[in-house]
Amino acid sequence: MHRFAGATLIALCLSSSTQATTVVAPSFEQLVSQADIVFEGEVIDTRARIGAARDGSPIVTDVYFRVARPLKGAPAPTLVLQFLGGEIDDRRLTVDGMPRFVRGDRDVIFAVTSTTRISPLVGLMHGRVRITAEGDGKQDTVRLFDGTPLRAVDALGATRRQPLLAARPAMSLAAFESAIVSEVARQDAARARPR
C-alpha cells in the first residue's frame, strides 16, 4: 500500500502540473491567528531542488527572504520558506495556485513554519500580501496575491464584494502593518484572559 502511494506521488510530481487548487480565503483574523510568523520581507533568492520526501522526491523551491520587519513571532533576519513545485533542467512540477516568487519581490508574509506543508503560507496564496510603490514611489501600498488593491483588512476573506470599498485607495503598508500588530496584541490578550 505504501509503495502504491509513493508511486502515485512520484507520478504526480513528474507530470507537468496538478490541477484545480481551491482554497477558502481566510479572514484577516484567521491569517493572523493561524500564522506562527508574520513579517515584511524582500525575496533575495529562489532555488529549486529535489526534496527529501519519504515516498518520493518531488521538486521543491526554497525562497530566501530578508526580513525587514517582524510583525508576529521571531523570524530570523534571513528566512527560507519551502514551497512544493519548481523547475530543474527539463523536469517541472507546477501546483495550481502556488505563489511564484522572484528576486526583489516585497511582501507581507503570513506563514506556518512549525509543520511541513505544500505551502508554508496561511491559505496557500492568501498568506502573501504584495507591497507596491504607488505613484512617485513615495508611498508603499498593499495588494492581494493577485494584484487587487487591498483597501481594508475586513475585505480579506470576504465572501461578497464590498462596493463601498471600491472608491477607497489601496491601504498603505504602514496602516496594514499597524493593523497586524494591533490584531496580534488583541489575540494575545484574549488568550491570556482567565477562562
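So the values come out like this:
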{"item": "Long-range Cα-Cα pairs in the range 24-192 (distance over 24 Å), rounded percent", "result": "37 percent"}
{"item": "Test item: Cα-centred dipole of the range 24-192, Lys/Arg +1 and Asp/Glu -1 on Cβ, debye", "result": "180 debye"}
{"item": "Stretchable slack from Ile88 to Arg193, in nm (0.36 nm times residue separation minus alpha-carbon distance)", "result": "32.8 nm"}
{"item": "Förster radius 35 Å - calculated FRET efficiency between Gln139 and Arg117, Cβ distance, rounded to 0.05", "result": "0.55"}
{"item": "Proximal charge balance of Gly86 [Cβ under 12 Å; K/R count +1, D/E count -1]", "result": "+2"}
{"item": "Sorted by Cβ density within 10 Å, fewest first, the residues Asp105, Asp90, Asp45", "result": "Asp90, Asp45, Asp105"}
{"item": "Projected label distance in nm at Asp36 and Val80, using a 7 Å step from Cα toward the beta-carbon", "result": "1.7 nm"}
{"item": "Separation of the Val102 and Arg69 label points, Cα + 7 Å toward Cβ, nm", "result": "2.6 nm"}
{"item": "Cβ-based exposure ranking for Glu29, Glu183, Glu40, in which fewest neighbours within 10 Å come first", "result": "Glu29, Glu183, Glu40"}
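No value in this document is a laboratory result; all are computed from the given coordinates. Source: prediction; values computed, not measured. Every residue, glycine as well, gets a Cβ built from its backbone with ideal geometry; the counts of neighbours run over all protein chains shown.
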